[in-house]
Amino acid sequence: MADELLSFDAVLERFDPVLGLEVHVELSTKSKMWCGCPTEFGNEPNSQVCPVCLGLPGSLPVVNAKAVESAIRIGLSLNCQIARWCRFARKNYFYPDMPKDYQISQYDEPLCFDGEIAVEVGEMAYQVPIERVHMEEDAGKITHIGGVGRIANADYSLLDYNRAGVPLMEIVTKTIHDTGAAAPEVAAGYVALLRDMVRALAVSQGRMERGNLRCDVNVSLMPKGASELGIRSETKNVNSLRAVADAVRYEMRRQGAILSAGGRVVQETRHWNEAGYTTAGRSKETAEDYRYFPEPDLVPLAADPAWVEQLRATLPEHPGKRRARLRTEWGFTQREFGDILAVPGALDTIADTVLAGATPIAARKWWLTELARRANEWGVALDELPITAKQVAEVQALLDTGQINDKLARQVIEGVLAGEGDPAAVVQHRGLTVVSDTGALEVAVDGAIAADP
Ligand code: ZN
Ligand code: MN
């Protein structure tokens, strides 16, 4: 990392940051976007492929209706207009992970457009304008063997097309202005909101760490008082909320140093490095390079307005509203609640535990300490741990009624996680009950004193 960096404060004195965020969300439909192949993750390479998703000559795609429904529900949740009529488009490029040599996407006619969503950071709400939500397909997976894991210097490369053709939604914001010092948090907060939204809609698992929600972060700086946008960089595939915020901050500081020294920012794609900095990638293709044209193998999409209204009526409580409601109901401070939002899946598991009878404080404690630690150790999400919200509430009930103490409660949780059954069963067979019979305690105390006066 050789980049000169300006201090964050100095950047803010001289410039206004402008953001643009592109998020790809992999939908959790049972079958792929244009064929009936399953989308299940983690199976034998190339075991979920057919002539359509392998791009064999003569094969024809068919649109997945469930994916269209999911896209419309996402669009409605983002307060978008839903197109009465739109088409798919071919985005042509050659890369071996895309066996057709083009991606079916949407170009000038996206399914959803012109939305807006509020992102809360601390006490402030920032309006994020949405340009479009369009439908497309994922590419396969390339593994480069030898060298440094990139195509350059690799001995050979392996291709797995199981992911080729999995439905993807691309959600693109308009430029986001006036965030100032909060720019990094607004970017991360927006992505967190999208994640919670697609999970609440049950259209995607929304797991950044698994790549089913990926964010490209565009950042540019405008000198104070300027009216024209600066030149932006685009940092690709940033894969955690923290990295989204860090990438924004880093690019602001890097571009701030270049502009302050009288230089020009290069419009390019950059890579995010886990160590906390960006590096230059290829210079950005322009839309013309992709030779977009309407996809001739698919009919246009014209969603019946009555159906769209039906879907609107089925939308779950908006994640932003739900958060505000839960925070009030639970009585947490902004900070206490923020800690919950920072852990993927914690809001839902805590809400379920409260529904199962635990207090919000107790539910928060177990999921953010003991269970978060376990999830971290095993590399799984909270809701993938082999313990249910109901079982956590049962542990807390045993604690509240004095049958076990805090230390024993941890052992009970360990037992449940080890597959020993419900909390009561674990207490039983591990013999963990606290002895609360005063007579028995007195005999034991007397015995101990007598043995060692
Ligand atoms: Zn297929
Ligand atoms: Mn895309």
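Points to keep in mind about this one:
- Normalised by the number of residues in the chain, the mean separation of alpha-carbon contacts (under 8 Å, six or more apart) gives a relative contact order of 16 percent.
- In the chain, taking the dipole from charged Cβ atoms about the Cα centre, the farthest positive-side position among Val238, Val426, Ile176 is held by Ile176.
- Hydrodynamic radius (Kirkwood) for the chain, which is based on Cα pairs only, to one decimal in Å: 24.9
- Cα→Cβ-extended label distance, 7 Å offset, between Lys224 and Leu315, nm: 3.9
- In segment 1-97, Rg over Rh equals 1.14, where Rg is the alpha-carbon radius of gyration and Rh the Kirkwood radius from pairwise Cα distances.
- Charges were assigned to the Cβ only: +1 to each Lys and Arg, -1 to each Asp and Glu. The resulting dipole of the chain about its Cα centre is roughly 780 debye.
- Residue-averaged 222 nm ellipticity for the chain, from DSSP H runs of 4+ at -39500 (n - 2.57), nearest 500: -11000 deg cm²/dmol
- Tyr107, Tyr161, Tyr93, ranked by accessible area, largest first (probe 1.4 Å): Tyr107, Tyr93, Tyr161
- Applying 1/(1 + (r/R0)^6) with R0 = 41 Å to the Cβ-Cβ distance of Ala125 and Val380 gives a FRET efficiency near 0.80.
- Long-range HN-HN contacts of Tyr102 with modeled amide H, under 5 Å: Tyr93
- On Cα atoms only, tilt of 389-400 relative to the major axis of the chain in degrees: 30
- Accessible-area value, Thr328, 1.4 Å probe, nucleic acids and ligands omitted, Å²: 110
- For segment 261-315, size of Cβ-based charge dipole, Lys and Arg +1, Asp and Glu -1, in debye: 360
- By accessible area with a 1.4 Å probe, ligands and nucleic acids excluded, highest first: order of His177, His144: His177, His144
- The value of relative contact order for segment 317-430, using C-alpha pairs under 8 Å at least six residues apart, is 20 percent.
- Counting only protein heavy atoms and using a 1.4 Å probe, the accessible area of Asp9 comes to about 110 Å².
- Accessible area of Cys112 in the full protein assembly, 1.4 Å probe (Å², nearest 10): 0
- For Ser157, distant residues with modelled amide H under 5 Å away: Ile145
- Equivalent ellipsoid semi-axes - Cα gyration tensor, segment 317-430, angstrom: 25, 15, 11
- Solvent-accessible area, 1.4 Å probe, carbon plus sulfur percent, for the chain: 52
- Free of any GluC sites (Glu not before Pro) that DSSP assigns to a loop and that have at most 13 other C-beta atoms within 10 Å, the longest stretch within the chain is 318-453.
- In segment 1-101, taking the dipole from charged Cβ atoms about the Cα centre, the farthest positive-side position among Val62, Cys37, Met98 is held by Val62.
- Figure note: Phe332, Phe293 ranked by solvent-accessible area, largest first, 1.4 Å probe, ligands and nucleic acids not counted: Phe293, Phe332.
- Under 29 Å from the Cα of Lys141 - lysines, other chains or at least 8 residues apart: Lys30, Lys32, Lys66, Lys91, Lys100, Lys236, Lys284
- Between helix 65-77 and the chain: long-axis angle, C-alpha atoms, 0 to 90°, nearest 10: 80
- Distance-filtered residues of segment 156-199 - backbone nitrogen under 11 Å, label point 7 angstrom along Ile145 Cα→Cβ: 156-159
- Here the dipole of segment 317-430 is about 380 debye; that uses its Cα centre as origin and unit charges on the Cβ of Lys and Arg (positive) and Asp and Glu (negative).
- Considering only Thr359, Thr388, Val416, the residue lying farthest towards the positive end of the dipole of segment 317-430 is Thr359, judged by Cα position with unit charges set on Cβ.
- Low-density loop cleavage sites - trypsin sites (Lys or Arg not before Pro) in segment 94-169, where at most 14 other Cβ are within 10 Å (DSSP): Arg150
- Cα-based helix-to-principal-axis angle, 241-260 vs the chain, degrees rounded to 10: 50
The values are calculated or read from the model by the stated rules, or taken from the named source; none is laboratory data. Remember, it's a predicted structure, so these values are computed and weren't measured experimentally. When we count neighbours, we look across all protein chains shown, and the Cβ atoms used for this are built from the backbone with ideal geometry, even at glycine. The accessibility values were calculated without ligands, DNA or RNA, using every heavy atom of the protein model including side chains. Shrake-Rupley method; radii C 1.70, N 1.55, O 1.52, S 1.80 Å.
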